[in-house]
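The values are calculated or read from the model by the stated rules, or taken from the named source; none is laboratory data. Note that the coordinates shown come from a computational prediction; the quantities given were computed from them, not determined experimentally. Here the Cβ positions follow ideal geometry from the backbone for every residue, glycine too, while neighbour counts run over all protein chains shown. These area figures cover heavy atoms from the full protein model, side chains too; ligands, DNA and RNA do not enter into them. Shrake-Rupley method; radii C 1.70, N 1.55, O 1.52, S 1.80 Å.
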Amino acid sequence: MSYTVKLIVGLIGTALLVIFVGELSHSISTGFAGFWGGLPFMVIVIIVCAMAIYDYWDECIRKK
């Protein structure tokens with residue numbers, strides 16, 4: 001796969017993942033669970049999003 005295609009497709013996929021999971025966390029925290037009920041899920045989401053962004057950087061941007 002060419003470098004440009006990897007950059008674009010990886011960015012789109014990572015962005016969709018981060019947006020979806022971030023909004024899911026936001027809806028849980030502002031909904032029935034409340035902030036303290038949604039806090040553990042929010043921490044997990046932050047860690048998973050950081051790992052996804054690092055993997056995008058490692059696979060698509062960093063020169064090996």
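Axis of helix 3-30 versus longest Cα principal axis of the chain: the two differ by about 0°, to the nearest ten degrees. Think of the chain as a dipole: +1 on every Lys or Arg Cβ, -1 on every Asp or Glu Cβ, centred on the Cα centre; then among GLY22, ILE44, GLY10, GLY10 lies furthest on the positive end.
From helices alone, the chain scores -28500 deg cm²/dmol at 222 nm; the rule is -39500 (n - 2.57) for each run of n ≥ 4 DSSP H residues, then divide by the residue total.
Treating the angle as unsigned and between 0 and 90°, give the value, to the nearest 10°, between the Cα long axis of helix 34-56 and the longest Cα principal axis of the chain. It works out to around 0 degrees. In the chain, carbon and sulfur make up what percent of the accessible area (probe 1.4 Å)? Carbon and sulfur: 78 percent of the exposed surface of the chain.
In Å², and per residue, what accessible area does the chain have when probed at 1.4 Å with the other protein chains present?
Values: 4810 Å² over 64 residues.
I get 75 Å² per residue for the chain.
In terms of Cα atoms, the Rg and Dmax of the chain work out to 14.6, 46 Å.
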